[in-house]
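Notes follow the structure.
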Amino acid sequence: MTNLYALTGRELAALIREQRTLPDPALKGPIFQEARRLRGEWYGDKVYMRGLIEFTSFCSQDCFYCGLRRGNRSAVRYRLETDQILHCCRTGYALGFRTFVLQGGEDAFFDTHTLCALIDAVKSRWPDCALTLSVGERPKADYNAFHNAGADRFLLRHESADPLHFARLHPASQTLESRKRCLYELREIGYQVGAGFMVGSPFQTAEHLASDLVFLRELSPQMVGIGPFIPHKYTPFAGCPAGSLDLTLLMLALTRLLLPAVLLPSTTALGSIHLEGRELGLRAGANVVMPNLSPPEVRESYSLYNGKFSMGAEAAEGIALLCDRIRRAGYTADFSRGDWAGCAQPPPSPVE
Ligand code: 5AD
């Protein structure tokens, strides 16, 4: 197996181009085998469960791909009250979840003080739980304040590590430079950090995907979120094709090879483009799933893309179903905090 660590961006692009011409639906090839071996070496057969709470659908950004973009006048906007959020956590805790992910658009209503109070409310009630934030770009002072209030982890996808490609996905007010700065600040503050990108976003080439891998190698985040792009009808990319299952699985596996201890979700987007998407993601090296704990009545409104699964096995009520599907795929659902294993060098106990 080639050592991906030694490959240049150009070589990674060639590898991606070569591999995408050899679809491997049974994931039997050496890249997927190695991805599974590494994931087993670090995490055994565990799949970490995270309870996702989509707490605001307001967003001041205007990303061309996202249904929550400011420019989408048809979007239904909601904001959960603190009590509603705590209720989601209480339900999640009773179901066994020990990580809560508070995700939302960039919503100025949740200023530093308000968000710190919310973090404190959750962490003081459930100190044994990890709290992950996913609230976009903020000044470093805010990131510091959230961390001091008790937030443990932060998800902020970089979306594309190629500045020109990034600029085709976002208005000029958003830059890759600023996104990267945020990621480095988060890391410096001491968060477990998650970056990530969509596969098959408009204008994306193998070179862009290679840049994503090179950037991940450099940042070395603890978590990486990767899912296929899926068009949303009220965005400028409405007519663009969705990203492919095969290429998404390949990028998951390559990410596992580059960052063996990474916490890698098999995303909702992957589960939304293929009935077995979630399971295939796990077989490609993913080891996290994030069922939705948001109140059922608001789920439709958190519409990043059309056809997003939010019920059944994607949702907290379907937890038994999801655990069963994970078991049938050969893995074990694990509800513990599931912190990053990489601080414990070398890998725990080799499985094979
Ligand atoms: N298709 C797939 N993923 C999307 N996201 C936003 N819009 C879409 C879409 N149309 C992803 C982005 C963002 C995350 C919250 O959801 O990568 O970071």
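Normalised by the number of residues in the chain, the average gap of Cα pairs under 8 Å and 6 or more apart makes the relative contact order 26 percent. In the chain, helices alone account for a calculated mean residue ellipticity at 222 nm of -12000 deg cm²/dmol, with every DSSP H run of four or more residues adding -39,500 (n - 2.57). When the chain is treated as a GNM, springs tying every alpha-carbon pair under 10 Å, which of ALA149, ALA172, ALA333 comes out with the largest mean-square fluctuation? Residue with maximal mean-square fluctuation among ALA149, ALA172, ALA333: ALA172. Compared with the alpha-carbon gap, the fully stretched path from ARG77 to ARG90 is longer by 2.3 nm at 0.36 nm per residue.
Considering only trypsin sites (Lys or Arg not before Pro) in DSSP loops that have at most 11 other Cβ atoms within 10 Å, the longest stretch of the chain without any of them is 74-352. As an equivalent ellipsoid, the chain spans semi-axes of 28, 24, 20 angstrom, where each value is the square root of five times an eigenvalue of the C-alpha gyration tensor, largest first.
Residue exposure proxy: LEU270, LEU258, LEU95, ordered by other Cβ atoms within 10 angstrom of their Cβ from fewest to most, comes out as LEU95, LEU258, LEU270. Using a Förster distance of 45 Å, how high is the FRET efficiency between ASP324 and ALA117, based on the Cβ-Cβ distance and rounded to 0.05? Efficiency for this residue pair is about 0.75. Farthest toward the positive end of the dipole of the chain, out of PHE154, PHE64, SER244, is the Cα of SER244, where the dipole comes from beta carbon charges about the Cα centre.
Remark on the chain: CYS59, CYS88, CYS89, CYS116, CYS129, CYS182, CYS240, CYS323, CYS343 stand apart, with no other cysteine beta carbon under 4.7 Å. Site pair THR21 and CYS343 shows an inter-label distance of 4.6 nm when each label is modelled 7 Å from Cα along Cα→Cβ. Specify the inter-centroid distance of segment 110-175 and segment 1-31, based on alpha-carbon positions, in whole Å. Each part reduced to its Cα centre gives a spacing of 32 Å. Going Cα to Cα from LYS28, which aspartates and glutamates come in below 20 Å? Please leave out same-chain ones fewer than 8 positions away. Within reach: GLU18, GLU41, ASP45, ASP246, GLU276, GLU279, GLU352.
Near LEU263, the amide H atoms lying under 5 Å from its own belong to MET223, VAL224; only residues 5 or more places off or on other chains count, and H is placed 1.01 Å from N. Among the GluC sites (Glu not before Pro) in segment 39-135, those placed in a DSSP loop whose Cβ has at most 12 other Cβ atoms within 10 Å are GLU81. Rounded to the nearest 0.05, the FRET efficiency derived from the C-beta distance between GLU11 and SER178 at R0 = 41 Å is 0.90.
Taken together, the values in this text are just the output of simple stated rules run on the coordinates, not laboratory data. Quick caveat: nothing in here was measured; it's all calculated off a predicted structure. All Cβ positions, glycine included, derive from the backbone under ideal geometry; neighbour counts span all protein chains shown.
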